[in-house]
1. Evaluate the stretch B:87-100: report whether one residue or more is among the aromatic types (Phe, Trp, Tyr), within 16 Å of ligand 1 (Cβ to nearest atom) and in contact with a strand residue (DSSP E or B) (Cβ under 9 Å, 6 or more places away or on another chain).
2. Which condition breaks for B:TYR206 when tested against (1) crowded, with 21+ Cβ neighbours inside 10 Å; (2) more than 16 Å from ligand 1 (Cβ to nearest atom); (3) of a type in the set (Phe, Trp, Tyr); (4) within 13 Å of B:MET37 (Cβ to Cβ)?
3. Restricting the search to the stretch A:279-299, which residues are in a helix (DSSP H, G or I), surrounded by 19 or more Cβ atoms within 10 Å (Cβ to Cβ) and more than 31 Å from the chain's Cα centre (by Cα)?
4. Could you check how many residues of the stretch B:170-199 are within 16 Å of ligand 2 (Cβ to nearest atom) and either in contact with an Asp or Glu (Cβ under 7 Å, 6 or more places away or on another chain) or within 21 Å of B:ILE28 (Cα to Cα) (or both)?
5. Search the stretch A:72-105 for residues being out of contact with any Ser or Thr (no Cβ under 6 Å at 6 or more places or on another chain) and among the polar types (S, T, N, Q), and hand back the single one that is surrounded by the most Cβ atoms within 10 Å (Cβ to Cβ).
6. When residues of the stretch A:120-150 are filtered for being at pLDDT below 90, aliphatic (A, V, I, L, M) and closer than 8 Å to A:PRO203 by Cα, how many remain?
7. Only one of these is hydrophobic (A, V, I, L, M, F, W, C), within 25 Å of B:THR46 (Cα to Cα) and more than 9 Å from chain A (Cβ to nearest Cβ): B:VAL69, B:VAL135, B:VAL80. Name it.
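The values are calculated or read from the model by the stated rules, or taken from the named source; none is laboratory data. Please read all numbers here as calculations on a predicted model, not as lab measurements. Here the Cβ positions follow ideal geometry from the backbone for every residue, glycine too, while neighbour counts run over all protein chains shown.
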Amino acid sequence: MSLWENIKMALMSVRAHKMRSILTMLGIIIGVAAVIVVVAIGQGGEAMLKSQIAGDGNSIEVFYQPSEEEMQQGKWEENPFTQEDIRQLEGIEKVSNVVASSSEFSTARLRDEEAETSITGINEAYLDVNQLKVEEGRSFTSADFLGGRRVAVVSAAMQEELFEGESPIGEIIRIGVQPVEVIGVLEKPTGLFAFGSVEAYIPWTSMRNMLGTSNYSQVTLQVQNADDIQPIGDRATTVLNQLHDTEDSYQVINMEEIAQGIGQVTTIMTTIIGSIAGISLLVGGIGVMNIMLVSVTERTREIGIRKSLGATRQQILLQFLVESIILTLIGGIIGIVLGAGTAYLVSFFADWPSLISWQVVLGAVLFSMLIGIAFGLLPANKASRLDPIDSLRYE
Amino acid sequence: MIQLEDITKSYSLGKEAVNVLRGISLEIKSGEFVAIMGPSGSGKSTLMNIIGCLDRPTTGSYYLNEEDVSQHKDQELAKVRNQSIGFVFQQFQLLPRLTALKNVELPMVYAGASKKEREERARDALAKVGLQDRVAHLPNELSGGQKQRVAIARALVNDPSLILADEPTGALDTETSVAIMDLFVQLNQEGTTIVVVTHEPEVAEYANRVIYVRDGLLGQNPLEKGGQTQ
Ligand SMILES: Nc1ncnc2c1ncn2[C@@H]1O[C@H](COP(=O)(O)OP(=O)(O)O)[C@@H](O)[C@H]1O
Ligand SMILES: [Mg+2]
């Protein structure tokens, strides 16, 4: 008797007891759906967190964090990145941009108006890499940077504060006591958490001339390829620590460690909820076993008839085993559909990505079949061992 | 074709052993039509089950078609039941969820025949017992006589050399019984060996030979000895 024959027979028997079959499958359905949802949301969340940490545009920030010893030796610097540092960093292979800046707080004045503002002296790559777009007026030119021209691009918030919404282009404002010409206004930041703050950007060279700032306080590297972030970050810190003769003052976030940390958290979560789902699957499996045992008893006479007609023990065993596998497999497939739907709803309403990989789906299918085999074996074995004569006599 | 040598069968009920068959030797030749008679509880069904390879004797040997089937393993016995023997039971023993056609196909399913061949031969078998227009009926849509015809069609569909019928007319009225027995006669004339268990003398009359069982032993015709059949 072919496997296909057995499958058709099993489907018939499942259909003959629809309600009972569905109730039997329920444990499997819930278990599989729970696993799918948990894994989908877990993997989605992990991917989201990782992409957030990696930052936009393949960039990595270099930190300056001297050790206690070095602090005691008085090695601490407010603006730890020199012009030479930047040049060296730009020389590292596969670095596409080195973004450097230095910020200070100051007061901006226009005639009688005053506004507290942050002044950021930037290098040429800054606006592009940080995806700051000039909406009105013009952006900086290379000549502005080279010549240390006293020109500024201001934030939309500054336009509100100082110019009461009027166009500031061409106006001269004073930062501290130094006059600066406004040449552009930045696009308003969008997004839920973007607060427009009062800011002015000027070429770093101008900042040095105006305020006497000697070095950069912040450096971010942009690399060509996301995979290069970690090795190039490490290379950059080596270069900087060498240049400054420091042990480990220049650092980058270790992306791998953080990714590992996140991975660990999601693994723990997935394990916990996964084991709950596993228990549900176990209970589901026991339910299947229970119903299959009932089914074997109910069909004792059928088994006797089949045996009298020449069915071997193996054929009877296979018949009932296939039936329990079909039960759990259908339950598993319903569970996958239900779980995928739930994961989709969660990601839709919670704005949290969910990933359903084919590996998880395949795993769920195989696992539910495995449960069918594990919990179907006992009833099927019982069926196959029934004595044909006793079975034929069974009422 | 059938050769039983000193067959015994005993069951243990608690400490006591119940000896149902107590040493039966008999031979049935190919092409015979034999009736087994005897009072209720005498061991007729037990004997039939051993002949039909559904059960094994406790001691003794059984040769079916020159093969010592008392030494066969379960799997080999299943094959013998499938290929060489057709069963007909008093209670018909049809699968209630399957149509007449599907019921008749069952022995061929276990023989591994193709779907097409199964259907063809099942239709032929049903036509032979006069049920060509009832193939799609479920057992509970058929009368007792029709059910037994389906069972006979199922018994003969794998072309067995031996058909065993344990009280095949026990649940049928006289008229239907006659029709069923005529079917057995027809099958016997076509060469199939037939063994029928019955306690009705009218049924036994169809046979060429009658074997009497009493208390697990072969006996004489009780009528000749002035006894009484049940
Ligand atoms: N499995 C069994 N265990 C114990 N006793 C049995 C069993 N099967 C049959 N018997 C006994 O064997 C005797 C013969 O039974 P059976 O062959 O069915 O008789 P018959 O068919 O002639 O009426 C009966 O007394 C019955 O109770
Ligand atoms: Mg009997």
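1. Pass one, the stretch B:87-100, residues among the aromatic types (Phe, Trp, Tyr): B:87, B:89, B:92.
Still in the list and also within 16 Å of ligand 1 (Cβ to nearest atom): B:87, B:89.
Among the residues that remain, those that are also in contact with a strand residue (DSSP E or B) (Cβ under 9 Å, 6 or more places away or on another chain) are: B:87, B:89.
Yes: the stretch B:87-100 contains one or more residues that are among the aromatic types (Phe, Trp, Tyr), within 16 Å of ligand 1 (Cβ to nearest atom) and in contact with a strand residue (DSSP E or B) (Cβ under 9 Å, 6 or more places away or on another chain).
2. Among (1) crowded, with 21+ Cβ neighbours inside 10 Å; (2) more than 16 Å from ligand 1 (Cβ to nearest atom); (3) of a type in the set (Phe, Trp, Tyr); (4) within 13 Å of B:MET37 (Cβ to Cβ), the lone unmet condition for B:TYR206 is (1).
3. Taking the stretch A:279-299 as the starting set, the residues that turn out to be in a helix (DSSP H, G or I) are A:279-298.
Cutting the leftovers down to surrounded by 19 or more Cβ atoms within 10 Å (Cβ to Cβ) gives us A:280-281, A:284-285, A:287-289, A:291-292, A:295-296.
A:GLY284, A:GLY285, A:GLY287, A:VAL288, A:MET289, A:ILE291, A:MET292, A:SER295, A:VAL296 - these are the residues of the stretch A:279-299 that are in a helix (DSSP H, G or I), surrounded by 19 or more Cβ atoms within 10 Å (Cβ to Cβ) and more than 31 Å from the chain's Cα centre (by Cα).
4. Qualifying residue count for the region: 5.
5. In the first step, residues of the stretch A:72-105 are kept if they are out of contact with any Ser or Thr (no Cβ under 6 Å at 6 or more places or on another chain); the result is A:72-78, A:80-98, A:100, A:104.
Right, trim to among the polar types (S, T, N, Q) and you get A:72-73, A:82-83, A:88, A:96-97.
On the way: A:GLN72: 10, A:GLN73: 10, A:THR82: 17, A:GLN83: 15, A:GLN88: 16, A:SER96: 17, A:ASN97: 21.
Only one residue tops the list, namely A:ASN97.
6. Going through the stretch A:120-150 one residue at a time, the tally reaches 0.
7. On the way: B:VAL135 fails: within 25 Å of B:THR46 (Cα to Cα); B:VAL80 fails: more than 9 Å from chain A (Cβ to nearest Cβ).
So the residue among B:VAL69, B:VAL135, B:VAL80 that is hydrophobic (A, V, I, L, M, F, W, C), within 25 Å of B:THR46 (Cα to Cα) and more than 9 Å from chain A (Cβ to nearest Cβ) is B:VAL69.
Residues are listed down the side, and each one gets a yes or a no for (1) modelled with pLDDT under 95; (2) of a type outside the set (S, T, N, Q); (3) near ligand 2 (Cβ under 10 Å from one of its atoms):
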| site | (1), (2), (3) |
| --- | --- |
| B:SER12 | yes, no, no |
| B:VAL18 | yes, yes, no |
| B:GLY23 | yes, yes, no |
| B:ALA35 | no, yes, no |
